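The structure appears right after this line, and notes come after that.
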Amino acid sequence: MSVDGRGAARRDRAVGERAVSKDTILDATRALLRKGSALEIRAIDIAEESGLSRQTVFQYYPVIRLIFFELSDLCQTALQEAIGAVDPTEADWEIRVSEVAAAILLEDSAVYRQVLFISASQGRGADAVMAGTRDVVKNMFASVRAAADGGGKHPSFEDDLAEATLTQFQGLMYQWAAGLLTDAEFKEKTTRAAETVVRHGLNQLNAGGEAE
């Protein structure tokens with residue numbers, strides 16, 4: 001290591017340049033996805049859109065689908081942050097979870113539709129793509145149960161409610177990603193599905209079971 005710290009400075013600069021180049025590639029790919037199909041995007045297209053060389057694109061992403069996978073991961077991160085920001089003390093917060101998640105996806109519909117579909121069908125599989133997000137939702141239900149000390153709105157049934165809500169949302173999300181639902185249909189159906197599960201499904205059935 002250099003006494004004057006020049007070695008560390010060079011490393012820091014290289015890390016910063018790498019991050020900037022990757023962000024530039026991701027932004028260029030987003031722009032292309034908004035204009036057309038992921039199946040038609042080539043490295044040369046990303047290079048021209050980004051102003052970088054094709055060699056630079058391949059340096060960071062040897063296979064184009066890896067860019068789509070990273071965009072899918074960033075989408076899931078955004079979902080997790082939005083879900084985590086929901087206040088579990090507000091009325092019908094469970095339904096808000098579905099609403100805010102759908103809103104994130106619809107902010108950049110043309111991009112998220114394609115990268116989620118590709119990541120699920122050509123990458124790790126549908127469940128793996130959503131794994132981190134599923135954990136965030138389940139942890140929210142569990143934390144509410146713990147805070148209520150068994151006296152919440154639906155004590156002892158949070159795991160069932162979380163799983164049912166997640167299953168409904170994930171199924172609708174991939175229908176939307178595959179083009180089987182419009183943006184408007186996806187938004188409406190995710191809210192209605194959450195309402196059905198929380199207000200008219202497990203909550204009522206379980207309340208009846210407890211009364212017995």
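The values are calculated or read from the model by the stated rules, or taken from the named source; none is laboratory data. It should be emphasised that the depicted structure is a prediction, and the values quoted were computed from it without experimental measurement. Cβ placement follows ideal geometry from the backbone for every residue including glycine, while neighbour counts extend to all protein chains displayed.
For the stretch 95-102, the count of residues that are under 30 Å from residue 36 (Cβ atoms) and in contact with a Lys or Arg (Cβ under 9 Å, 6 or more places away or on another chain) is at least one.
Annotation: of all residues in the stretch 1-37 being modelled with pLDDT of 65 or more and among the hydroxyl-bearing types (Ser, Thr, Tyr), the one that is surrounded by the most Cβ atoms within 10 Å (Cβ to Cβ) is 29. Pairs linking a residue in the stretch 94-119 that is outside the structural domain of residue 177 (by TED's automatic domain parsing) to a residue that is hydrophobic (A, V, I, L, M, F, W, C) and assigned to a helix (DSSP H, G or I), with Cβ atoms under 8 Å and 6 or more positions apart or on different chains, do not occur.
Kindly check whether there is at least one residue in the stretch 47-61 that is over 20 Å from the mean Cα position of the chain (by Cα), buried (at least 17 other Cβ atoms within 10 Å of the Cβ) and part of a loop (DSSP other than H, G, I, E, B). So far as the stretch 47-61 goes, yes, one or more of its residues are over 20 Å from the mean Cα position of the chain (by Cα), buried (at least 17 other Cβ atoms within 10 Å of the Cβ) and part of a loop (DSSP other than H, G, I, E, B). Confirm whether residue 102 is under 30 Å from residue 197 (Cα atoms) and either at pLDDT below 95 or crowded, with 20+ Cβ neighbours inside 10 Å (or both). The answer is yes for residue 102.
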